[in-house]
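Okay, so here's the structure we're looking at.
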Amino acid sequence: MRDAYCRTGRILALTGLLQGCGLATALAGDVSLIGVFPGKAAVLAIDGGNPKTVKIGQTWSGVTVREVERNRALIEFDGKRRTLNLGQHYRSEGAQGDARQSVTLAADTRGHFVTEGTVNGAGVRFLVDTGATMISLSAAEARRLGLDYQKGERRTAVTANGHAPAWHVKLNTVTLGAIELRNVDAIVLENSSDTALLGMSFLNRVEMKREGQNMTLIRRY
């Protein structure tokens, strides 16, 4: 019996030592950048949990914030430094569980979800809009992206300002955080100057989970 108590005592002592050194603390498997305070701190979500504001130089769940700029943050994680754009996430190579591509977004002060993404590799700022049938781009944005949209199917779109010329196009790739979709339908509006809308041609291919001010998108296929 005494030997059993001794062994138990040694195990508890070893556990306490590991916890004191931070070795028994589970490290993050998935890190999302959902907010920034440029030059000060980053708002991170770890493994889909509640967000936390982490100041430059601080470490949380194995993630150290090194730099924070307008729409991105430099973090140190998994022994490597990585730059995350706002709305982007990174999954550790050793992470377990659901390995599907996902991204966590934070609502702005008006309750809108605005995030940085890419179209055919070029940066685009999207407003998530479940009321839009397809991704919507202005003609000016399409030209900036190098899209020859006038070769697409000609249509007439109904907008807040009335009817407007539009073209149905296919986007080679649309990326949002860790999610990359190919061959995505979009509409280009000739007279629009609005922010690009992330419509249902993208959103139908992801699961949307809303928790408070955060929305997580998980790729379906």
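Brief remarks on what is shown
- Segment Asn183-Lys209, length gained on full extension (0.36 nm per residue, minus Cα span): 7.0 nm
- Counting only protein chain heavy atoms and rolling a 1.4 Å probe, the accessible areas of Arg182, Arg219 rank, largest first, as Arg182, Arg219.
- Probe 1.4 Å - accessible area at Lys40, Å² to nearest ten: 140 Å²
- Spatially proximal lysines relative to Lys55 (Cα-Cα < 28 Å; intrachain offsets below 8 disregarded): Lys40, Lys80, Lys209
- Segment Thr133-Asn172, extension gain: residue separation times 0.36 nm, minus the distance between their alpha carbons: 12.2 nm
- Accessible heavy-atom area order of His163, His168, His112, highest first, probe of 1.4 Å: His163, His112, His168
- Probe 1.4 Å - accessible area at Arg154, Å² to nearest ten: 150 Å²
The values are calculated or read from the model by the stated rules, or taken from the named source; none is laboratory data. Everything numeric in this text was worked out from a predicted model, so none of it was measured. All accessible areas refer to the heavy atoms of the entire protein, side chains included, with ligands and DNA or RNA removed. Shrake-Rupley method; radii C 1.70, N 1.55, O 1.52, S 1.80 Å.
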